[in-house]
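To keep things clear, I will list the structure first and then write my remarks on it.
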Amino acid sequence: MKVAHIVEAFGSGIITFIKNLTDGIKCEHTIFYAQREIDINELKKDFKYNVRFVSWKSAKREINIFNDVIASIELYRFLKSDNYDVIHLHSSKAGAIGRVVGLFFPDKIILYTPNGASFARKDITRLKITLYKTIEYCSSLLCGQVICVSKSETQLFHSIGVKAITINNGIRIKSYEKKIRLGKRFSIVTIGRISTQKNPHLFNDIAKNLLHYPIDFIWVGDGELRSTLSSPNIKITGWISSAEVEKYLSNSDLYISTSIWEGLPFAVLEAMNYRLPLLLNECVGNIDLVSNSINGYCFKTKNEALSHIINYLNDTSVLAFHGDNSYNKLLREFDTLSMCRNYSDIYRVLAKNLTMPTN
C-alpha cells in the first residue's frame, strides 16, 4: 500500500501526528508538504526509511483564489505521478483543496483529518467562521471520510452537518514512575507556541495572581506573544530538545493548558505519560482528556483555575492520585498503537468498499 499525506499546515501537532502514523503503519508513505517555519532537512532525520518528502511549493495558508487554483493543479500532478492507494489530507486547507482534486481520483481512498477545526478558532471574525463552516460542509459533500482526533471535535463537525467519525490521537507510551520530591517549590508547566490559540494572557494573569505563593510557572516553547508572559514567576524556556522537555515534565507537579481551541493536544498527552494531573481550560479537545476530580479539572474562568491550584498546593497528597489516573486514562484511550490500528482498519474497509461491485 502507498499512502500520500497531503499537508499544508506542516508544523507542531500535525508533524507529531504524521510521524506517529508513519511509524505505526508499515507501508510506503509520501508527505506532500507546504513549507512552514521548519527546517525540513532536520525534520527528515526523525522519520523512518519508509517516508519520503515532496514539497508543495504553491500552497499557502490564507485563502487566495489564484494561489489555491495553482496549488490544486500542483496537487493533481503530484497525485498523478504515482499510483497511491490512500490520499490522507491533513489540516483545513489541504482538506478543502484535496477533496476538490480528489473528485478526479474516484478509485482512491480519501481521508481528511482536520487536527483542529478551522471554524473553532477564536481569533477570527464571525464572517470568517461562517466562511470556514461553509467550506467544511461543502467539501464534505464532494468525497472522502472525515476523521476527527477527539470526540468533542467530532461533535463540533456534526453540529454543522458534516458526517465524521473519531479516532483518538495517540502517543507512544513509556513506562514512567512519578517520584514525589520533598522540600521544593510547586511547579506548573505548559508546552506550546506562545500564540493566540494558547492564550498566554490568561496564563500570565493566573501566574500574576499567585506571585505570593511558592509556585513556579514554566512555559516550554516560544512565539510571537512572548512579551505577554511578563509575570516574574514565569520562566520561558524557548524551543528546546525533546530530552529537555521531558526533564521539565518529570520535574513538574501540575500541567496547565490555557488554550482556547484544540483538536486533541499532544503536549497534554505527553504530560499524562509523566503522570501529571491536568488543569485545562474548557475547550474542544481539552475536555476529552480530563475526568473532573479524577485526573484533574477543566476550568472556565481564571478564578476557577486559581482555586484548583491553591487546593493542590494545600493538599499535595492528591497529586499522585490524579497523576496516576492521568496515566491510566492515557493507556486506555490514547495509545499510538490503537490509533494506527484503527487507521489501518479504515484503510482496509474503504479499500474493500471501493472494489465491491456497484450493481
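Odds and ends about this structure:
- Residues that are buried (at least 21 other Cβ atoms within 10 Å of the Cβ) and within 22 Å of K19 (Cβ to Cβ) within segment 85-97 comprise V86, I87, H88, L89, H90, S91, S92, K93, A94, G95, listed in sequence order.
- Lone qualifier among G221, G192 - being over 21 Å from G323 (Cβ atoms) and among the small types (G, A, S): G221
- Apart from one condition, T237 fits all of (1) open to solvent by less than 10 Å² (accessible area, probe 1.4 Å); (2) part of a strand (DSSP E or B); (3) hydroxyl-bearing (S, T, Y); the exception is (1).
- Considering residues of segment 233-244 that are aliphatic (A, V, I, L, M) and at pLDDT 95 or above only, the residue farthest from the chain's Cα centre (by Cα): I234
- Selection from segment 293-310 of residues that are open to solvent by 10 Å² or more (accessible area, probe 1.4 Å) and at pLDDT 95 or above: I294, Y297, C298, K300, T301, K302, N303, E304, L306, S307, H308, I310
- The residue that is least open to solvent (accessible area, probe 1.4 Å), counting only those in segment 313-335 that are of a type in the set (S, T, Y) and at pLDDT 95 or above, is S326.
- Qualifying residue in segment 139-158 (condition: in a loop (DSSP other than H, G, I, E, B), in contact (Cβ under 8 Å) with a residue 40 or more places away in the chain and under 18 Å from the mean Cα position of the chain (by Cα)): yes
- For segment 130-173, a tally of residues being touching an Asp or Glu at 6+ places or on another chain (Cβ under 9 Å) and open to solvent by 50 Å² or more (accessible area, probe 1.4 Å) returns 3.
- Residues that are free of Cβ contacts under 8 Å to residues at least 60 places away in the same chain and of a type outside the set (A, V, I, L, M, F, W, C), drawn from segment 86-97: G95
- Whenever a residue of segment 19-33 is under 11 Å from F47 (Cα atoms), its partners that are part of a helix (DSSP H, G or I) and aromatic (F, W, Y), lying with C-beta atoms within less than 7 angstrom and at least six residues away or across chains, give the pairs L21/Y343.
- If the condition is being open to solvent by 20 Å² or more (accessible area, probe 1.4 Å), assigned to a loop (DSSP other than H, G, I, E, B) and not small (G, A, S), then segment 212-232 contributes H212, Y213, P214, D222, E224, L225, P232.
- Count of segment 182-207 residues, restricted to those that are of a type in the set (F, W, Y) and closer than 24 Å to I124 by Cα, is 1.
- Scanning segment 98-129 for residues that are hydrophobic (A, V, I, L, M, F, W, C) and without any contact (Cβ under 8 Å) to a residue 40 or more places away in the chain, we see that the one that is surrounded by the most Cβ atoms within 10 Å (Cβ to Cβ) is V101.
- Checked against (1) of a type in the set (F, W, Y); (2) modelled with pLDDT of 95 or more; (3) within 17 Å of C340 (Cβ to Cβ), F47 passes all but a single condition, namely (2).
- Identity of the residue in segment 193-211, under 19 Å from L276 (Cβ atoms) and free of Cβ contacts under 8 Å to residues at least 60 places away in the same chain, that ends up surrounded by the fewest Cβ atoms within 10 Å (Cβ to Cβ): A207
- Residues that are of a type in the set (F, W, Y) and in contact with a Phe, Trp or Tyr (Cβ under 9 Å, 6 or more places away or on another chain) within segment 56-102 comprise W56, Y76, F78, Y84, listed in sequence order.
The values are calculated or read from the model by the stated rules, or taken from the named source; none is laboratory data. In this text, all values refer to a predicted model and were calculated from it rather than measured experimentally. Every residue, glycine among them, receives a Cβ derived from its backbone with ideal geometry; neighbour counts consider all protein chains shown. Keep in mind that these areas ignore ligands, DNA and RNA; they rest on the heavy atoms of the full protein, side chains included. Shrake-Rupley method; radii C 1.70, N 1.55, O 1.52, S 1.80 Å.
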